[in-house]
1. Quick check on residue 117: is it more than 28 Å from residue 3 (Cα to Cα) and at pLDDT 90 or above?
2. Looking at (1) closer than 16 Å to residue 159 by Cα; (2) out of contact with any strand residue (DSSP E or B) (no Cβ under 7 Å at 6 or more places or on another chain), can you tell me which one residue 145 breaks?
3. Within the range 178-198, is even one residue within 30 Å of residue 11 (Cβ to Cβ) and assigned by TED's automatic domain parsing to the domain that holds residue 119?
4. Of all residues being in contact (Cβ under 8 Å) with a residue 12 or more places away in the chain and polar (S, T, N, Q) in the range 1-32, which is farthest from residue 223 (Cα to Cα)? Just the residue, please.
5. I'd like to verify a number: residues in the range 40-89 that are of a type in the set (S, T, N, Q) and within 21 Å of the chain's Cα centre (by Cα), how many?
6. Got a sec? Which strands (runs of 3 or more DSSP E) wholly within the range 15-82 have at least 3 residues that are surrounded by 13 or more Cβ atoms within 10 Å (Cβ to Cβ) and out of contact with any strand residue (DSSP E or B) (no Cβ under 7 Å at 6 or more places or on another chain)?
7. Could you check how many residues of the range 133-161 are closer than 16 Å to residue 92 by Cα and outside any helix (DSSP H, G or I)?
8. I'm checking my understanding of the structure. Among residues of the range 88-141 that are without any contact (Cβ under 8 Å) to a residue 12 or more places away in the chain and of a type in the set (Gly, Ala, Ser), which one is surrounded by the fewest Cβ atoms within 10 Å (Cβ to Cβ)?
Amino acid sequence: MLMELVNVSHIYNQGTPFMSHALKEINLSVDKGEFIGIIGHTGSGKSTLVQHLNGLMLPTSGKVIIDGIDTSTKGISLANIRQKVGLVFQYPEHQLFEETVYKDIAFGPVNLGLNEEGTKERVVEAMEQVRLDYKELKDRSPFELSGGQKRRVAIAGVLAMKPDVLVLDEPTAGLDPVGRDEILSEITSIYKKTGITIILVSHSMEDIARVVNRILVMDKGRLVMDDKPRQIFNRVEELEKMGLGIPEITRFMRAYKESGHDVRTDVITVDDAVEVLLEELRKRHA
């Protein structure tokens, strides 16, 4: 088991009139090689949860155990935890600060003590993983790049640390449809090529449905669902009560069935829908 949360709660402003329970008794385990999506409405605890996964935040009560290490243990190196679990914040381009793309991506490896050759290898590999041209962009200022490119530089900076787990908090927020598709494609490619564990926070049901193989649903600080995408998106009424939706293609297929067509409704992607509709056509003409 790579990560485990045991009865984890987190209280903001404890002991003050502004006290609020951001997380409430979360129990969760994550195994190596999983691709997990986290959904929930604003204020449900998603971002607080993922910041516990690399020791950026510590639980008020309970335990967060990363690769066998309790993050609350006195004297442990949280820097080592953060090397194992790389966290990419929402709008990560706001964290860019170096004068060139190369230096920004190299910041982590340099601080790990890698020599010049080892650092360059990490930078080249990380840029390849997010489909940035090394020769073309290495000496450019990151602030001159497009929004999508800036975001990929920020992700590359985390990948250059060679984490065991990559956590991405709303990585497509604010991007146009083309930029969003590019980022999701790159994240999926990284997962397939490296087998790294990925945890993706998103408000987009379509994005989550396309790429993950397990979904966690947060509501009012609690983990209320944990299942495969088809099973999660089949619980429409429960999701809607929490202010969440389902992929539009799932909604379409449910309406299509209600109009008298004998089709499956556990459809969560367009590719799924095409397969189901073609099967229906074959049955009609058989």
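1. yes
2. (1)
3. Within the range 178-198, one or more residues are within 30 Å of residue 11 (Cβ to Cβ) and assigned by TED's automatic domain parsing to the domain that holds residue 119.
4. Among those that are in contact (Cβ under 8 Å) with a residue 12 or more places away in the chain and polar (S, T, N, Q), it is 14.
5. Selection size over the range 40-89: 9.
6. Output list is empty.
7. Within the range 133-161, residues that are closer than 16 Å to residue 92 by Cα and outside any helix (DSSP H, G or I) number 5.
8. 113
The values are calculated or read from the model by the stated rules, or taken from the named source; none is laboratory data. Keep in mind it's a predicted model, so treat the numbers as computed, not measured. Here the Cβ is made from the backbone with ideal geometry for all residues, glycine too, and neighbour counts use every protein chain on show.
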